[in-house]
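Undergrad: Here you go, one structure.
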Amino acid sequence: MKTEGSIILHTLIKYFYFKKVGLIIFMLQFKNLTCSFSNYKTAKCTCVLFFLFFYYNIAFSEGTKQFMPASADNGCTQFNDVGRPFALMSNTDSLQRLYFHIKSITEKVYFGFAKHSSSSATSGQFRIKDPSGTIVYAATNLPTSGAGFISTYAQAVAGPKISGIPAAGYSPLNFTPSVTGDFYIEFSSNSNRNYRFQYFDITVVDASSKTINGRLWSYAWDMNTWSSANVFNGSFYVYTNEGYVSKVDLNGIQPFGFVVSCNNTGPTNTGNIVADRKSIAGNSTRPFFKIFLSDPDSTIYLSASPPALNNPISVVDGNVYYGQSAQFNADVTGTGIIQLIISLNGISGYQPGTNDAIVAAIVTTGNNIIFWDGKDAYGNYPLIGTSIEISAGFSSGITHLPIYDAETQSGGYNITRIRPVTGPAPIRWDDSNFIGGTVNISGSSGNGHSWLINFGNIRTMNTWWNGYEIENLSAFTVTVMPPLPIELISFAAKPNIDIIDINWATASEKNNNYFSVEKTKDCLRFETISNVAGAGNSNTVLNYLLKDNKPYDGVSYYRLSQTDFDGTITHSHLISVNFNRKVDFVFKIYPNPYDGICIKLDMIANRGDETKLIITDINGKEIYSKEITINSNDENVYTFCSKERLAQGIYFLKVFSSEKEYTKKVVVE
């Protein structure tokens, strides 16, 4: 007969076991062994309960546990499917490997597999290579029993049995690395046939056999649901190059065989952000980001620092003119994407299928110029007097999930931000390339981007979200102004040796007193180069030329400021030019003589040039060398210090730049 005390004890033991906590000592000490636990609150007896336990590892697997959250689910990784190279011994593409990361040589890897009956292959092999590509675990048959064979779903989920723990786990194979870095496991199958795993696990543990999650990853996971009738409920963790982590729950997608990969642009990468992110016909998945089965180990894969906007987004010069492009200032603290919604149909926000326009641009730290061609979605200029609402969003950590040939997605994806920010991520898509395709660029909360049966057949269906974003951060309204009182045919600026040639032409002019040519580095502060007399009134083509004899180094912008006889001033659109001044190489050294420890090199050279400094003794023996990259076309000063004081005597300092050698004698006193 069980007493109330023994029942409580039994319950607590079960509780801690299923919480995966090692129970080391569990002691009940009773002052009165016959006392009832039912009256412990009234202190009729004293029960002192000591819990002394510490954590030990109950293995947490990486593989089947994430692919199949429940035993009734379907799907696992595979190799050798319809010619895809994922994880094959014959593969040479680093984007098609299956990696696990080792941080310390005290770590160890345990693994096990089981083949699914739908495989066309009857046998297979695996091997492991270290980060240099050297085979460190020779080709071995994939197990069908014994060590390394996972016989049940329960074993796969429990993970590897290490020193008998957990009892429900499988008996694994293991590998002990001798170096750190990204190792990769490769496979082959008989007759190059498809090999589908039913159960799969690769687990990294530390020196105390504690599981380290977030070490198994690939750029392109090749998956299979074993039947076209099956859905896939697994999840993955995407790590962007900036350090944003998001969890992707595929939530019942029905693809049969498919590849999970993510990138930063979408199915294509032409530089046109809006076009690149649209779903397209054919196969174009472009693996780029690391994809894990758990939250990537944060001691290795660090979190990003979200950027911010320094100032509200604004129109350069404050106006939008009919028939001209417009520019916007965006001053940010880090890399991201600015998206502008140009609302032209009288309804706030973006409405697909209307004349609303979208402008998206990559921005970097500092002030950025975003260009809009001034036209609506149909290629027309808004009429003079049109009120335009412009709303902006700033995002970073953009992640695209282009999946090929996923026939059906009835439930839509669930995307969760893991770090550095948390919570559901609004999901976006643009299927407008297809008849019946839907568009949502504003972001859908909850489940997002579903499609009907076979709509995704032999198509790359793209979905994207942001690791961090601020929407509607800078909404404002502008009115389309009348055009310049001149008809501008062309306006261009071009480097010419050490100056910039600025050319423009007009087809007509009306009451034009003069032009002012202005330049800027940041589009906030403009400098007037010179004024050029206008023609007053003209209906013939006129050409103008002005030289900027002191151009800014690097990227700068030019505009025309046109002044009427009545003093009215209007501005043209901006044009950009990248100027890299060519300079004669000049250098001097000082002090000379010097003390034999530190010497300064004062150098004028072309920005970006690779330059090498060598100090030799009188016999030509190299004493010191250093490679540098010129930072500026202006004066550059570098200090070079040798580890030990040079002996008194004569030395030669040689500078190699632009495939030329320059030598000067130096004296150590």
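The values are calculated or read from the model by the stated rules, or taken from the named source; none is laboratory data. These numbers were taken from a predicted model, which means no experiment stands behind them. For neighbour counting, all protein chains shown are included, and Cβ atoms are generated from backbone atoms with ideal geometry for every residue, glycine included. Ligands, DNA and RNA are excluded from the accessible area calculation, which covers all protein heavy atoms including side chains. Shrake-Rupley method; radii C 1.70, N 1.55, O 1.52, S 1.80 Å.
Undergrad: Looking at (1) outside any strand (DSSP E or B); (2) over 39 Å from the mean Cα position of the chain (by Cα), which is the only condition Leu524 fails?
TA: All conditions are met except number (2).
Undergrad: Looking only at residues that are touching a strand residue (DSSP E or B) at 6+ places or on another chain (Cβ under 7 Å) and surrounded by fewer than 17 Cβ atoms within 10 Å (Cβ to Cβ) in region 316-330, which one is farthest from Val480 (Cα to Cα)?
TA: Taking the candidates together, the pick is Ser325.
Undergrad: Using the structure shown, decide if Ser391 is in a strand (DSSP E or B), more than 30 Å from Pro483 (Cβ to Cβ), modelled with pLDDT under 95 and touching a strand residue (DSSP E or B) at 6+ places or on another chain (Cβ under 9 Å).
TA: Answer is no for this residue.
Undergrad: What pairs come up if the first residue lies in region 299-327 and is closer than 17 Å to Ile341 by Cα and part of a loop (DSSP other than H, G, I, E, B), the second is acidic (Asp, Glu) and open to solvent by 20 Å² or more (accessible area, probe 1.4 Å), and their beta carbons are under 7 Å apart, counting only those six or more places apart or on different chains?
TA: Ser325/Asp373
Undergrad: I need a count of the residues in region 394-431 that are out of contact with any Asp or Glu (no Cβ under 9 Å at 6 or more places or on another chain), open to solvent by 30 Å² or more (accessible area, probe 1.4 Å) and closer than 24 Å to Thr225 by Cα.
TA: Result for region 394-431: 4.
Undergrad: Of everything in region 625-653 that's open to solvent by less than 70 Å² (accessible area, probe 1.4 Å), modelled with pLDDT under 85 and in contact with a Leu (Cβ under 8 Å, 6 or more places away or on another chain), which residue is farthest from Val586 (Cα to Cα)?
TA: By that ranking, first place goes to Ser625.
Undergrad: Only one of Asn269, Asn251 is surrounded by 19 or more Cβ atoms within 10 Å (Cβ to Cβ), assigned to a loop (DSSP other than H, G, I, E, B) and either in contact with an Asp or Glu (Cβ under 6 Å, 6 or more places away or on another chain) or not small (Gly, Ala, Ser) (or both). Can you tell me which?
TA: None of the other options fit; the residue is Asn251.
Undergrad: Just to be sure I understand, how many residues within region 141-195 are over 19 Å from Glu107 (Cα atoms), part of a loop (DSSP other than H, G, I, E, B) and of a type in the set (Ser, Thr, Tyr)?
TA: Residues flagged as over 19 Å from Glu107 (Cα atoms), part of a loop (DSSP other than H, G, I, E, B) and of a type in the set (Ser, Thr, Tyr) within region 141-195 amount to 4.
Undergrad: Can I ask one more? Among Tyr594, Tyr590, which is open to solvent by 70 Å² or more (accessible area, probe 1.4 Å), within 30 Å of Ser642 (Cβ to Cβ) and at pLDDT below 95?
TA: So the residue among Tyr594, Tyr590 that is open to solvent by 70 Å² or more (accessible area, probe 1.4 Å), within 30 Å of Ser642 (Cβ to Cβ) and at pLDDT below 95 is Tyr590.
Undergrad: Additional query: Give the residue, chosen from Ser387, Ser391, that is in contact (Cβ under 8 Å) with a residue 60 or more places away in the chain and open to solvent by 30 Å² or more (accessible area, probe 1.4 Å).
TA: Only one candidate qualifies: Ser387.
Undergrad: Which one is farthest from Trp226 (Cα to Cα), of the residues in region 93-142 that are open to solvent by less than 50 Å² (accessible area, probe 1.4 Å) and of a type in the set (A, V, I, L, M)?
TA: The selected residue is Ile102.
Undergrad: Something else now. So which residues in region 479-512 are surrounded by 18 or more Cβ atoms within 10 Å (Cβ to Cβ) and either modelled with pLDDT of 90 or more or in a strand (DSSP E or B) (or both), if there are any at all?
TA: The answer is Val480, Ile486, Leu488, Phe491, Ala493, Ile500, Ile502, Trp504, Thr506, Glu509, Asn512.
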